[in-house]
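*Asks:* Have a look at this one before I ask anything.
The values are calculated or read from the model by the stated rules, or taken from the named source; none is laboratory data. Fair warning: this is a prediction, and the values are worked out from it, not measured in the lab. Positions of Cβ are generated from backbone atoms using ideal geometry, with glycine treated the same way; all protein chains shown enter the neighbour counts.
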Amino acid sequence: MRLVVLLQALLSLVGGPAQAEREVALLTPREKAALVVVSGLPAPAGVAGVIVRRWDRDLPRPAGVLVFVDQEGGLVKAYPELPPWASASALGRVDEALAAGLETGRALRDVGVHVDLAPVLDSRDGPLGSRQFRRPELALAFGRGLGRAGVGACAKHFPGLGSTAVSTDRAHRVRGVLRSGELAGFFRAARVLPCVMVGHAVYPAQGSRSASFSPWAYRLLRDRGFDGVAITDSLGVFGSDLAPYWATSAIRAGADLVLFTKAADAERAIHALVPLARRGELDESVARVLQWRRSLLGPGR
């Protein structure tokens, strides 16, 4: 397995950004629009990826797409029968966290998963309880372990929920403040992990919009050298009525991937994104997604 992972990584480097850009030039606007969307099952044709959960993980999956899960440990596990066996907050040593990530990654690869929406980088005094690691270096070690097993790790929820009173999964208009210590953990993750999830909290000092729809959040990541894939937290929490609006708002702000748990919302989002694709506004994101997908699925994907 390790040899296969290393070979895939080398092949993705050989292709690199230039090959991804050439591939983008051959795509139709609809194909580009679909490649910036992650959908619940049964997914629209051509999406970049699908997210599977406990209740739908055995449904058929489209060929050639990235498969995403939330497999953090504790209560948040699409596969309760697979590692990690301990919650994030229970891990106390770097070697322990690295081993947990490696074991989790290997198990996820065996069930056809390519991306784990983990680790949680939000500081330990936030509202996520057992999902939070005691220190950023433990979260990063878990993410490195996933990567060594050939699974993409995605740090979340940038720029941090440590200062918020509740999780954005539980309430809308959750307010927070930027903290230098919490940001430092994300900036470290941005240097070593291929994906960062931008969260839905509002940071009033930076404006009235959720971070996932705010250009400043994505600039903050890119200005620190992040060249990986930025994905939104699930846009389904805002309801289905305005799914096309949320998708276009997030992409225009700087997201590379928009996440929907409902396939119908994903389909409507794709339709709304086609005009952006025609104007070339999706090309940079599509190139990043294609390069990442190749690194996880192998050449020709």
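*Asks:* Which one of these does S123 not meet: (1) within 27 Å of V50 (Cβ to Cβ); (2) touching a residue at least 60 places away in the same chain (Cβ under 8 Å); (3) under 19 Å from the mean Cα position of the chain (by Cα)?
*Replies:* Result: S123 passes all but (1).
*Asks:* Shifting gears a bit: Among the candidates P275, P244, which residue alone is over 20 Å from R53 (Cβ atoms), at pLDDT 95 or above, surrounded by fewer than 20 Cβ atoms within 10 Å (Cβ to Cβ) and touching a His at 6+ places or on another chain (Cβ under 8 Å)? Break it down into steps so the answer makes sense when it comes.
*Replies:* Numbers: P275 fails: touching a His at 6+ places or on another chain (Cβ under 8 Å).
So the residue among P275, P244 that is over 20 Å from R53 (Cβ atoms), at pLDDT 95 or above, surrounded by fewer than 20 Cβ atoms within 10 Å (Cβ to Cβ) and touching a His at 6+ places or on another chain (Cβ under 8 Å) is P244.
*Asks:* Mind listing whichever residues of region 170-193 are among the hydrophobic types (A, V, I, L, M, F, W, C), surrounded by 16 or more Cβ atoms within 10 Å (Cβ to Cβ) and in contact (Cβ under 8 Å) with a residue 40 or more places away in the chain?
*Replies:* Matches in region 170-193: F186, A189, L193.
*Asks:* OK, next. Restricting to region 1-12, and then to whatever is within 14 Å of W292 (Cα to Cα) and either of a type outside the set (A, V, I, L, M) or surrounded by fewer than 12 Cβ atoms within 10 Å (Cβ to Cβ) (or both), can you tell me which residue is modelled with the lowest pLDDT?
*Replies:* L10
*Asks:* Any chance region 156-169 includes a residue that's over 18 Å from A189 (Cα atoms), buried (at least 22 other Cβ atoms within 10 Å of the Cβ) and in contact with a helix residue (DSSP H, G or I) (Cβ under 9 Å, 6 or more places away or on another chain)?
*Replies:* Looking only at region 156-169, we keep the residues that are over 18 Å from A189 (Cα atoms), and these are 163-169.
Imposing the further condition that a residue be buried (at least 22 other Cβ atoms within 10 Å of the Cβ) reduces the set to 164, 168.
From the residues that got through so far, the ones that are in contact with a helix residue (DSSP H, G or I) (Cβ under 9 Å, 6 or more places away or on another chain) too are 168.
Yes, some residue in region 156-169 is over 18 Å from A189 (Cα atoms), buried (at least 22 other Cβ atoms within 10 Å of the Cβ) and in contact with a helix residue (DSSP H, G or I) (Cβ under 9 Å, 6 or more places away or on another chain).
Matching residues to (1) basic (K, R); (2) over 19 Å from F68 (Cα atoms); (3) in contact with a strand residue (DSSP E or B) (Cβ under 6 Å, 6 or more places away or on another chain):
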residue: S123; (1), (2), (3): no, yes, no
residue: R131; (1), (2), (3): yes, no, yes
residue: G143; (1), (2), (3): no, no, yes
residue: P159; (1), (2), (3): no, yes, no
residue: S163; (1), (2), (3): no, yes, no
residue: G176; (1), (2), (3): no, yes, no
residue: R222; (1), (2), (3): yes, yes, no
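*Asks:* With the requirement that a residue be farther than 13 Å from S130 by Cα and in contact with a Ser or Thr (Cβ under 6 Å, 6 or more places away or on another chain), what does region 75-112 give you? Outline the logic, then answer.
*Replies:* Applying the first criterion (farther than 13 Å from S130 by Cα) to region 75-112 yields 78-83, 93-112.
Passing the criteria: only P83.
*Asks:* Would you tally the residues in region 247-270 being surrounded by fewer than 24 Cβ atoms within 10 Å (Cβ to Cβ) and either among the basic types (K, R) or in contact with a Pro (Cβ under 7 Å, 6 or more places away or on another chain) (or both)?
*Replies:* Initially, region 247-270 is screened for residues surrounded by fewer than 24 Cβ atoms within 10 Å (Cβ to Cβ), giving 248-249, 252-254, 261-264, 267-268.
Among the residues that remain, those that are also either among the basic types (K, R) or in contact with a Pro (Cβ under 7 Å, 6 or more places away or on another chain) (or both) are: 252-254, 262-263, 267-268.
Number of matching residues: 7.
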